[in-house]
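The structure appears below as structure tokens.
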Amino acid sequence: MFSIIQAAGWPIWPLVACSILALAIVIERFISLKAGKITPPRLLEEVLIVTRKGIPGNDVITQLEKNSALGKVLASGLRAVNTEPNITEEDLRASMENVGRQVAHRLEHYLGALGTIASAAPLMGLFGTVVGMIEIFGSQAPGSSAGGNPAQLAQGISIALYNTAFGLIVAIPSLIFWRYFRGRVDEYLMTLELDADRLARHLKSLRK
């Protein structure tokens with residue numbers, strides 16, 4: 001592997017750095033976007049059951065808030081009702097939406113960087129290709145021996161081809177994982193929105 005990197009020349013080092021960064025982001029997102037940490041099953045049902053007897057105290061709400069991303073959103077609604085028992089439905093929904101935006105920002109963490117790597121890697125590979133072409137034309141410079149400098153010609157071809165290939169090797173998986181995580185985040189956000197709506201309607205029915 002190191003011999004390939006040496007043959008590809010210095011332009012490949014930024015691509016190596018991008019590949020390491022992309023791998024780290026993918027691993028981190030797989031860990032952070034587990035369903036149990038975002039939308040635990042039956043959490044909403046448990047909250048609805050508990051609140052039928054009344055809004056729980058701040059200690060219970062704090063535990064719910066620490067449970068998961070969904071728990072954080074639901075806890076914000078319960079805390080708003082605890083703070084202001086006569087809160088309007090619009091203000092209740094606005095409270096949960098504000099927390100939902102914070103949660104959405106955390107769910108999308110690093111996805112912008114992964115998308116940038118997917119877009120930039122082919123261009124970085126193209127840059128390496130251009131450097132390789134310069135090496136090739138340098139070997140054919142006037143005054144060089146007939147047929148040019150074979151070693152410099154081979155080096156230029158290696159730089160051009162290796163950088164092109166490595167740019168695609170980095171870009172394609174990065175793009176695939178970016179779209180995969182983007183889809184998971186969108187699915188989680190839809191679940192958070194629907195569950196927050198159910199809680200708002202449930203709390204409204206209890207106050208009638």
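The values are calculated or read from the model by the stated rules, or taken from the named source; none is laboratory data. What you see is a predicted model; the values in this text were computed from it and never measured. Virtual Cβ from ideal backbone geometry, glycine too; neighbours counted across all protein chains shown.
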Only one residue in GLU46, GLU89, GLU65, GLU28 is closer than 25 Å to MET190 by Cβ, surrounded by 12 or more Cβ atoms within 10 Å (Cβ to Cβ), of a type outside the set (Phe, Trp, Tyr) and modelled with pLDDT under 90, so which one is that? GLU89
Say we look at segment 115-131 and pick out the residues that are out of contact with any Gly (no Cβ under 8 Å at 6 or more places or on another chain), of a type outside the set (S, T, N, Q) and surrounded by fewer than 20 Cβ atoms within 10 Å (Cβ to Cβ); which of these is nearest to PRO173 (Cα to Cα)? GLY115
So for segment 192-205 (the condition being assigned to a helix (DSSP H, G or I), touching a helix residue (DSSP H, G or I) at 6+ places or on another chain (Cβ under 9 Å) and among the hydroxyl-bearing types (Ser, Thr, Tyr)), does at least one residue qualify? no
Hey, ILE134 within 30 Å of ALA165 (Cα to Cα), surrounded by fewer than 18 Cβ atoms within 10 Å (Cβ to Cβ) and without any contact (Cβ under 8 Å) to a residue 60 or more places away in the chain or not: yes
Since ALA7 meets every condition but one in (1) under 30 Å from ALA154 (Cβ atoms); (2) modelled with pLDDT of 90 or more; (3) of a type in the set (Gly, Ala, Ser); (4) over 23 Å from the mean Cα position of the chain (by Cα), which condition does it not meet? (2)
Limited to segment 169-208, what total is found for residues that are closer than 30 Å to GLY128 by Cβ and surrounded by 17 or more Cβ atoms within 10 Å (Cβ to Cβ)? 8
Would it be correct to say that ALA94 is in contact with a helix residue (DSSP H, G or I) (Cβ under 6 Å, 6 or more places away or on another chain), closer than 27 Å to THR62 by Cα and surrounded by fewer than 20 Cβ atoms within 10 Å (Cβ to Cβ)? no
